Protein chains: 2
Amino acid sequence: MKANKLPPGALELIAARFRVLGEPSRLRLIAALEKGEKNVTELVEATELTQANVSRHLQTLTEAGMLGRRKEGLNVYYFIADKSLFELCDLVCSRLQKDLAAKAASFGK
Amino acid sequence: MKANKLPPGALELIAARFRVLGEPSRLRLIAALEKGEKNVTELVEATELTQANVSRHLQTLTEAGMLGRRKEGLNVYYFIADKSLFELCDLVCSRLQKDLAAKAASFGK
DNA sequence: CTACTAAATGAGTATATGCTCATATACAGG
DNA sequence: CCTGTATATGAGCATATACTCATTTAGTAG
């Protein structure tokens, strides 16, 4: 993490980013956008969250620079603006799988 | 994120992991352990958090499998158990730097 | 203009969690 | 045994934030 030369406040910025990803609802939204942009109504259907809730989470994700917004008439389309999201999630995923595999193996001994 | 074939509850597990990393104090502890194990007293000094606070965060990190524990007499030494932590933080860091650079550049135009 | 639809937001509540203080536990050395 | 030191933990408080409901804002169509 190059802890040495981190400017003060950097850790808070990094933590803030992790915190945005620390909500299952937001991860669901990200997952729903994996194959391309969707408008809010479509995201409500895909995630089974309420419209108000989806709207707030989209705001959080957009402010964090993870999503982008595009207005088209009445609709607002959201899309993944930060591709590194998938790298992050994949890293966590593979780690989780290792942990679970290790746990499963320790049953046998 | 392979949103397709994620077992139910997987997103909650992933989010939980991100949430653990979503606290600056915990990131400070991780950073303090980058160069090798430390005991609790050393971590208190390194982070300037209270002993009780450090102890709780260490518990959180250890339960998440990110840190390991080793007792030696009265002291308990903690160490990084999950090297992928640094990959995660580096990914976030480089993304942040890009965002900041872009913001800085947009001042000039 | 009015009526309708999509999205955002203000307000209130509930819950989670970070922090501190005090105390408990675990171990070492007389 | 008693004393001291390192770490963990119970309890309480304060804050952050996820959620819902109701309403507002923005845009379209008649």
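Rule-based calculations on the coordinates, nothing more; no lab input. Remember, predicted model here, so these are calculated numbers, not experimental data. With ideal geometry, Cβ positions are generated from the backbone for all residues, glycine too; neighbour counts draw on all protein chains shown.
Kindly check whether there is at least one residue in region B:91-101 that is within 11 Å of DNA strand D (Cβ to nearest atom), over 13 Å from the mean Cα position of the chain (by Cα) and surrounded by fewer than 19 Cβ atoms within 10 Å (Cβ to Cβ). Scanning region B:91-101, I find no residue that is within 11 Å of DNA strand D (Cβ to nearest atom), over 13 Å from the mean Cα position of the chain (by Cα) and surrounded by fewer than 19 Cβ atoms within 10 Å (Cβ to Cβ), so the answer is no. Which members of region B:44-75 meet the condition of being surrounded by fewer than 16 Cβ atoms within 10 Å (Cβ to Cβ) and assigned to a strand (DSSP E or B)? Correct list: B:GLY68, B:ARG69, B:ARG70, B:LYS71, B:GLU72, B:ASN75. Against the list (1) farther than 23 Å from A:SER84 by Cα; (2) surrounded by fewer than 18 Cβ atoms within 10 Å (Cβ to Cβ), the condition B:GLU87 fails is (1). Among residues that are in a helix (DSSP H, G or I) and touching a residue at least 12 places away in the same chain (Cβ under 8 Å), B:ALA105 is not included. For beta carbons closer than 7 Å, sequence separation of 6+ or different chains, a first residue in region B:9-29 that is facing chain A (nearest Cβ under 7 Å) and a second that is of a type in the set (Phe, Trp, Tyr), the qualifying pairs are B:PHE18/A:PHE18; B:LEU21/A:PHE18; B:GLY22/A:PHE18. Taking residues in region A:48-65 that are free of Cβ contacts under 8 Å to residues at least 60 places away in the same chain and within 14 Å of chain B (Cβ to nearest Cβ), and partners anywhere that are charged (D, E, K, R) and within 10 Å of DNA strand D (Cβ to nearest atom), the pairs with Cβ atoms closer than 7 Å and at least 6 places apart or on different chains are A:HIS57/A:ARG26; A:THR60/A:ARG26; A:LEU61/A:ARG26.
As a summary of the residue check, A:PHE79 satisfies the conditions (1) more than 13 Å from chain B (Cβ to nearest Cβ); (2) more than 14 Å from DNA strand C (Cβ to nearest atom) except for the one numbered (2).
Could you go through region B:2-21 and let me know if any residue there is within 17 Å of the chain's Cα centre (by Cα), more than 9 Å from DNA strand D (Cβ to nearest atom) and among the polar types (S, T, N, Q). Looking through region B:2-21, none of the residues is within 17 Å of the chain's Cα centre (by Cα), more than 9 Å from DNA strand D (Cβ to nearest atom) and among the polar types (S, T, N, Q).
Would you be able to say whether some residue in region A:34-41 is farther than 30 Å from B:ALA46 by Cβ, without any contact (Cβ under 8 Å) to a residue 40 or more places away in the chain and crowded, with 17+ Cβ neighbours inside 10 Å?
Initial filter on region A:34-41 (farther than 30 Å from B:ALA46 by Cβ): A:34-41.
Then drop every residue that is not without any contact (Cβ under 8 Å) to a residue 40 or more places away in the chain, which leaves A:35, A:39-41.
If we keep only those that are crowded, with 17+ Cβ neighbours inside 10 Å too, we end up with none.
No - not one qualifying residue is present in region A:34-41.
Can you confirm whether region B:87-101 contains a residue that is within 12 Å of chain A (Cβ to nearest Cβ), touching an Asp or Glu at 6+ places or on another chain (Cβ under 8 Å) and under 19 Å from A:LEU13 (Cα atoms)? Step through it out loud before you land on a result.
Step one: filter region B:87-101 for residues within 12 Å of chain A (Cβ to nearest Cβ), giving B:87-100.
From the residues that got through so far, the ones that are touching an Asp or Glu at 6+ places or on another chain (Cβ under 8 Å) too are B:91, B:95.
Imposing the further condition that a residue be under 19 Å from A:LEU13 (Cα atoms) reduces the set to B:91, B:95.
Yes.
Scanning region A:44-67 for residues that are closer than 23 Å to B:ARG95 by Cβ and not charged (D, E, K, R) turns up A:HIS57, A:LEU58, A:GLN59, A:THR60, A:LEU61, A:THR62, A:ALA64, A:GLY65, A:MET66, A:LEU67.
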